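The values are calculated or read from the model by the stated rules, or taken from the named source; none is laboratory data. Note that the coordinates shown come from a computational prediction; the quantities given were computed from them, not determined experimentally. Note: ideal-geometry Cβ built from the backbone for every residue, glycine included; neighbour counts use all protein chains shown. Accessible surface is based on the protein model in full, side chains and every heavy atom, while ligands, DNA and RNA are left aside. Shrake-Rupley method; radii C 1.70, N 1.55, O 1.52, S 1.80 Å.
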Amino acid sequence: MYLIAHLSDPHIGPIPQPRLRELVGKRMTGYVNWRRGRKVAHDMTVLERLIEDVRAHRPDHIAFTGDIANIGLASEFPIARAFLERLGAPDFVSFVPGNHDAYVRGSLKPLANALWPWMASDGASSSAFPYLRRRDGIAFVGLSSALPTMPFVASGTLGKPQLAAFEAMMNELDREGLCRVVMLHHPPLRSGTAVGRSLTDAGAFEKVIARVGAELVLHGHNHRTSLTHIPGKHGPVPILGVPSCSAIKGTWTHRAGYHLLSIEPDGARSRITGVTRGLTREGAIAEIGSLDFTPV
C-alpha cells in the first residue's frame, strides 16, 4: 500500500511589502484583492496545523498542485521554498505551479529558480514539463497549466508541445505497467470551472486521456473537493480536486483540507481509496469525508 497526501492552494502569506513598480498591471488588482479578502480567507496557523496532521499520517509521498504564492512577487518565492523545505525533500514532494505562481511574466524566472527541485524529473538538474518520478510502482507525472494572463483572468493552458510529450510519456508508462498519477493545477475537464478560470485546452487533454488513459488525475484551483471521471484507454479515469489547505472562509466544503490516498499499484488494475481530512465546523483537524472512486 502506498500513501499519498494531496495538498494545494495554500496562498502563503502575508505578502512581502511590494515595491510600487512591482504593482503595475495585474499585480495591482491582485494585491488589492489580497488586502480586501484573501489575507483573512487563508489562515497560516490553520495551514501549520493541517501540515502537522499530514506528518502524523506518515505519507510515502506528497503531491502538491500549486498556488503556493499570491501575486508571483520574486520576494514570495524564497518564502515558498522555505515552506517546501519544511514540508519535505524534493524527492518526497512533487510540486506543480498554479496561476498565482505564474501571475505575470516576471514571476516565471524566480519561480523556476527557487522551486525547480520540487518540479523536476528524477535526476534532472532543472525543471521541465511534463516531469516524471517513479516511486514503488507509481509514476508521478507533473504538468504545468500555469502561465501569465490578463487581469481578472485565472485560466491555464497546457499547450500542444506539452500535451504531445505527455501522451508519449503516458504510453511508455502504460507499457511499463505503472500506476500513473497525473498532477496539474487547473481542473482538466471541459466542465471543470467557469470561463476565465478554466483550462483552455481541457478538451485536448480529455482526448489524450481517452487514448492513453491514467489511473488518477489530481488538481487544485477550485478550493473544494470534487471527484468525477472521464473516459480513458482502460476505463473511466478519476479526476480529483482538493480544497485549499489554508482556507477558513466559506462553506465547510471549501474550508482547509487535504486528501489522503491509499494506492495498491498494479498498472491499469491499481486500487485507489481515500479520505478528505481538514478543518471541521468545530475547528478541529479530522476526517471530514470519504472518497468513492467508483464511476457513476
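Worth pointing out:
- Compactness of the chain is given as radius of gyration and Dmax, 17.7, 54 Å, from Cα positions.
- Accessible area per residue in Å² at 1.4 Å probe, computed on region 142-296: 42 Å²
- Here the 3J(HN,Hα) profile of region 36-47, calculated from phi with Karplus coefficients 6.51, -1.76 and 1.60 at θ = phi - 60°, is 7, x, 5, 5, 9, 6, 10, 10, 6, 5, 4, 4 Hz, Gly and Pro shown as x.
- Using all pairs of distinct alpha-carbon atoms, the Kirkwood hydrodynamic radius of region 83-124 works out to 10.9 angstrom.
- Evaluated at q = 0.16 Å⁻¹: base-10 log I(q)/I(0), Debye formula over Cα of region 68-178: -0.76
- Residues whose amide H lies under 5 Å from that of G156, counting only those 5 or more places away or on a different chain, are S198, L199, T200; hydrogens are built 1.01 Å from N in the peptide plane.
- Region 5-113 - percent of accessible surface contributed by carbon and sulfur, probe 1.4 Å: 54 percent
- Percentage relative contact order, region 125-193, counting C-alpha pairs under 8 Å, at least six apart: 37 percent
- Interchain or long-range residues, amide H under 5 Å from S226's placed H: G241, V242
- 3J(HN,Hα) from dihedral phi, region 73-81, Karplus parametrisation 6.51/-1.76/1.60, rounded to Hz, x for glycine, proline: 5, 4, 6, 6, 6, x, 5, 4, 5
- Rounded tilt (10° steps) of 160-176 against the dominant C-alpha axis of the chain: 40 degrees
- Divide the volume of the convex hull around the Cα atoms of region 220-289 by the residue count and you get 88 Å³ per residue.
- Once the Cα atoms are used to define both axes, helix 202-212 deviates from the longest principal axis of the chain by about 30 degrees.
- Sequence-separation-based contact order of the chain, relative, with Cα cut under 8 Å and 6+ spacing, percent: 19 percent
- Rounded to the nearest Hz, the phi-derived 3J(HN,Hα) couplings of region 143-152 under the Karplus curve 6.51 cos²θ - 1.76 cosθ + 1.60 (θ = phi - 60°) are 10, 10, 9, 8, 7, x, 9, 6, x, 6, where x marks glycine and proline.
- Qualifying trypsin sites (Lys or Arg not before Pro) in region 218-296, DSSP loop, other Cβ atoms within 10 Å at most 16: K233, K249, R269, R281
- Debye intensity ratio I(q)/I(0), log10, region 5-139, q values 0.10 Å⁻¹ (C-alpha model): -0.33
- Distances between placed amide hydrogens fall under 5 Å for R135 paired with F140, all partners being 5 or more residues away or on another chain.
- Dipole moment magnitude, nearest 20 debye, the chain about Cα centre, only Lys, Arg, Asp, Glu C-beta charged: 1000 debye
- Per residue solvent-accessible surface (Å²) - region 5-99, probe of 1.4 Å: 42 Å²
- When only alpha carbons are used to place a centre, region 190-205 and region 222-296 end up 20 Å from one another.
- For the chain, with +1 on Lys and Arg beta carbons and -1 on Asp and Glu, the positive-most of T149, V24, A268 along the dipole: V24
- Taking the inverse of the mean 1/r over every pair of distinct Cα atoms in region 127-282 gives a Kirkwood hydrodynamic radius of 16.1 Å.
- Relative contact order of region 3-109: 38 percent, from C-alpha pairs under 8 Å at least 6 residues apart in sequence.
- Computed from Cα atoms alone, the Kirkwood hydrodynamic radius reported for region 1-57 is 13.6 Å.
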